[in-house]
1. Please specify each residue of region 263-303 satisfying the condition of being touching a helix residue (DSSP H, G or I) at 6+ places or on another chain (Cβ under 9 Å), among the aliphatic types (A, V, I, L, M), within 22 Å of residue 156 (Cβ to Cβ) and surrounded by fewer than 17 Cβ atoms within 10 Å (Cβ to Cβ).
2. For residue 242, are the conditions met, namely being in the same structural domain as residue 309 (by TED's automatic domain parsing) and either among the acidic types (Asp, Glu) or buried (at least 22 other Cβ atoms within 10 Å of the Cβ) (or both)?
3. State the number of residues belonging to region 246-285 that are without any contact (Cβ under 8 Å) to a residue 24 or more places away in the chain and either on the phi > 0 side of the Ramachandran plot or not hydroxyl-bearing (Ser, Thr, Tyr) (or both).
4. Here are 210, 232, 243: which of them is without any contact (Cβ under 8 Å) to a residue 24 or more places away in the chain and of a type in the set (Gly, Ala, Ser)?
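The values are calculated or read from the model by the stated rules, or taken from the named source; none is laboratory data. Predicted, not measured: the structure shown is a model, and the values here were computed from it. Counting neighbours? That spans all protein chains shown, and the Cβs are built from the backbone with ideal geometry, glycine included.
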Amino acid sequence: MSKLLALGSQGPAVFDLQAKLNCHPTMLPRLTVDGLFGKKTQGRVLEFQKDKKLAADGIVGPKTQGMLNESLQFPPESFLQCANCLPENKGNVMLIRSLFSPIIDQSRKGLRNLFGFSHRSNAATPAASIAGVQVQPLDPMQEAMAINRFGTSLDLTNIFITDKSGLQNRPFTVAIPSKSNGPTTILLNMGSLTPPGDDLVHELAHAWQAQHHLISVQFMDNSIKSQAAALALNTPIGLFDAAVRGHKGYPAFYPYSPYAYEPGKKFSEYAGEQIAQQVQRNEAAITAHIKSVAAGKHDPDNALSLSTPRIEDRRKATVKI
């Protein structure tokens, strides 16, 4: 942030500020992330400054911004695989779309043919570079892993990996629909072209959700709303419960989490991150359903799954993560 933010400020920097403030415990209403620094945003800034023992003037300068960024670095937990559910990751999503959308829109051939990428070859295809972001299709081992977990339900020809990562170096997935009625291009932004297998499977689950829904970006909306629901419950609980407040996942992912799930429900009764987490954990019922859906087909159960934000309480004995 290059300038001070105060009452009356507008623009992307305020958008970022509001998203970060929403990740912190508060006794005030959750902010609408609209890029407008009004009285409610000022109140949240004052509250944050008092909590961190900063000069409480309602103005966001280097010290307040630095404290916001520092306290946003949640301690890692092994189950946290992606940044799709974090609203403050929107800048990374916008960057990927701005880099790749013009190419996809201008080329009816798609990324694979445009860059001469081979498919299911005997060796990994050399990556292409777009504004410093490396991109390539899945290599043979990655495709084999995808087929093992998803069967033939994924259209792998339009799924690519980049070395870009999201907030806290977490992977995130971006679906870019074609304006020329071509297939949707899906970019798994893994931070590496050779990511860990579990991370790749999790993001491929989001690719599956995109390919089997009439609105390919619906999985992201569902993930963000599920995270918001968790924060809305977690914050007040932690304010009055020291054990909750002291947990490494608080306030974003404990006690309620969009990743947590209770086994045994119908596919349609889980939200987006809960499905991706179960695919990663290789829960038999969920992976069986996924494999049963033909590539490119709309899945009504997937539509129902992504229609409602859902979370689970990790303190329950029957809940897994």
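1. Residue satisfying the conditions is 295 alone.
2. No; evaluated as a whole, the condition is false for this residue.
3. The number of residues fulfilling the criteria is 8.
4. Only one candidate passes the filter, namely 243.
Okay, residues lined up against (1) closer than 21 Å to residue 305 by Cα; (2) modelled with pLDDT of 95 or more; (3) polar (S, T, N, Q); (4) buried (at least 22 other Cβ atoms within 10 Å of the Cβ):
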site	(1), (2), (3), (4)
163	no, yes, no, no
177	yes, no, no, no
184	yes, no, yes, no
189	no, yes, yes, yes
196	no, no, no, no
208	yes, yes, no, yes
